[in-house]
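The values are calculated or read from the model by the stated rules, or taken from the named source; none is laboratory data. These figures come from a predicted structure and were not determined experimentally. Note: ideal-geometry Cβ built from the backbone for every residue, glycine included; neighbour counts use all protein chains shown. We work out accessible area using only protein heavy atoms, side chains counted, and drop any ligands, DNA or RNA first. Shrake-Rupley method; radii C 1.70, N 1.55, O 1.52, S 1.80 Å.
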Amino acid sequence: MHMQTRRNRPRLAVTAAAAAALGAGALTIASAAPVHAEAGCQVDYTIASEWGGGFQANVAITAGEAIDGWEIAWEFPAGTAVSSAWNVDWSQTGTAFTGSDVGWNAAVESGQTREVFGFIGSGTGAEPASITVNGDLCDGQAEPTEEPTDEPTEEPTDPPAGPVAIMPLGDSITGSPGCWRGNLWELLDGAGYEVDFVGSLSQACNPAGSDPDHEGHGGYLVTQSVANGDVHSWLTQNTPDVLLLHFATNDVWSSLPPSQILAAFTQIVEDLRDLNPDAIVLVAQIIPLEPENCGDCPQRAIDFNAAIPAWAAGITTAQSPVVVVDQWTGFDPAVDTYDGVHPDEDGYVKIAANWFAALEDVL
């Protein structure tokens, strides 16, 4: 499906002899000229939007040769610091930042472009210097060269006539009190995307003016909601172009096996494709589940999340892709929830940032 394009934003591209990338964020800076090294992969450090004293950045890599494991390092300008990051093991000492893969995102195939992590930072968001990947410096100044190609040039396509319909679907993590939707709306709106949140429920979230519509039903199990026809009804009433699915917390809490939960996910995807064959599904590996009265819940959530990638790979299609969004990594229940289950303001920021990074690939 073709979707609304974003407003032009500056992007810093770095070509390296090794492979790695930075990849999820938002901040507006002065346009930076592409920076290239002699050969190898390309690292994209994208500043998508900014706010007073802070920014969000995306990092992606295009590998010249396949790699399996990356570590990236750079020097920030003075006064710039990472406050939170996802999909990366990271540290910062002074202006020196280092980040490495977290296992599942270690591989980048030859010729593949892959967003590998994102972060929220304080400061101006100016691009870093002395970027290295696996120890190789990748901030040379050589101009890129165009390789001749016999492949036909794709014809430009027109953007859709209206906004992209996005349905946040889930339980209380998505609905009350899960107000990450306001943060996500702000990121999308600030980046220039034309979107419409859809759903039978309406609940205002900060900031004022964000789209309140959603299908976040507190206390619901996805297995029951599919079996009794609720989800099919919601999809029929407000059929989305993009589905944001974080809907298994209560099922995991109830000790239902991953296979049963994923069977419900399969039915959701099939029902949505019947209504919209081009629909895109972004499915979350759920945030940690650590309530005081459920000692087994943390491991159950880990086991469920581990089963999601293989399920998604088996059901995705070119016309209607199913994309896994890691909402687990970097989410700390002690800081990002108020009860070990439900996100607080810090949690909203992280959840919204992860959704936003994934949506940028499809909008």
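Cβ-Cβ distance of Thr317 and Glu75, R₀ of 35 Å, FRET efficiency by 1/(1 + (r/R0)^6): the value works out to about 0.20.
Could you list the square roots of 5 times each eigenvalue of the Cα gyration tensor of segment 199-344, that is, the equivalent ellipsoid semi-axes, sorted largest first and rounded to whole Å? Let's see the in-between values first.
On the way: eigenvalues 115, 76, 43 Å².
After scaling each eigenvalue by five and taking roots: 24, 19, 15 Å.
Report the residues of segment 227-266 in range of a label on Asp296: point 7 Å along Cα→C-beta, backbone N strictly under 14 Å from it. The answer is 251-258.
Largest accessible area first, the listed residues Tyr45, Tyr338 line up as Tyr338, Tyr45 when surface is computed with a 1.4 Å probe on the assembled protein chains. At full extension, Ser110 and Thr95 could sit 2.3 nm farther apart than now, given 0.36 nm per residue minus the alpha carbon distance.
Can you sort His214, His342 by 1.4 Å-probe accessible area, starting with the largest?
Details: His214 5, His342 35 Å².
The most accessible residue leads, giving His342, His214.
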